[in-house]
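The values are calculated or read from the model by the stated rules, or taken from the named source; none is laboratory data. All values derive from a computational prediction rather than experimental measurement. Cβ placement follows ideal geometry from the backbone for every residue including glycine, while neighbour counts extend to all protein chains displayed. Keep in mind that these areas ignore ligands, DNA and RNA; they rest on the heavy atoms of the full protein, side chains included. Shrake-Rupley method; radii C 1.70, N 1.55, O 1.52, S 1.80 Å.
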Amino acid sequence: MHEASLAGSILQLVEDSAQRECFQRVTLLRLAVGRLANVDLGALRFALLAIAKGNVLEGAVLEFEEPEGQAWCSDCSQTVGLTERGMACGLCGDYQLRITGGTELRVIDMLVSDE
């Protein structure tokens, strides 16, 4: 379960921000987790909540956005939506797709408090 490792990296990023920006806790953390990022949102949420005790994330509300997968089709020269890796182009049926979106994992924003 690599979600635990991802949660640890997210916590480190937030703690670094807290030190740099002088805030005590996060009240809301919004993350973008692309549908093609191979991340189980339930497992990531669980891991973040498990490591939040006693640090800047304790009590934070976690929100996730799931950007759609997108790819460029070499055959029909169109951008197409993907719900999973390995799909054929929904327009022409070709498999010559270059993924262009939906693989991200990033912090969108966070609400913080000095208390």
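In table form, for the structure just shown:
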{"quantity": "Nearest 10 degrees, 0 to 90: helix 41-51 Cα axis against the chain principal axis", "calculated": "20"}
{"quantity": "With every protein chain in place, the chain: carbon and sulfur % of accessible area (1.4 Å)", "calculated": "47"}
{"quantity": "Isolated Cys residues of the chain, judged by Cβ distance under 4.7 Å to other cysteines", "calculated": "CYS22"}
{"quantity": "Per residue accessible area of segment 10-49, 1.4 Å probe, in Å²", "calculated": "51"}
{"quantity": "Lys, Arg +1 and Asp, Glu -1 on Cβ, resulting dipole of the chain about Cα centre, debye, nearest 20", "calculated": "160"}
{"quantity": "Packing-based ranking, highest mean first, of 11-21, 68-78 given that Cβ atoms within 10 Å are counted", "calculated": "68-78, 11-21"}
{"quantity": "Surface accessible to a 1.4 Å probe, per residue, for the residues of segment 65-115, Å²", "calculated": "67"}
{"quantity": "GLU68 paired with TYR95, simple spin-label distance in nm, labels 7 Å along Cα-to-beta-carbon", "calculated": "2.4"}
{"quantity": "Rounded Å value of the spacing that divides the Cα centres of segment 27-74 and segment 80-95", "calculated": "25"}
{"quantity": "Principal-axis tilt of helix 3-21 within the chain, Cα atoms, nearest 10 degrees", "calculated": "50"}
{"quantity": "³J(HN,Hα) computed for each position of segment 77-82 - Karplus, 6.51 cos²θ - 1.76 cosθ + 1.60, integer Hz, glycine/proline x", "calculated": "6, 9, 8, 10, x, 10"}
{"quantity": "Translational diffusion coefficient (Stokes-Einstein; Kirkwood radius from C-alpha pairs) of the chain at 20 °C, 1.002 mPa s, in µm²/s", "calculated": "138"}
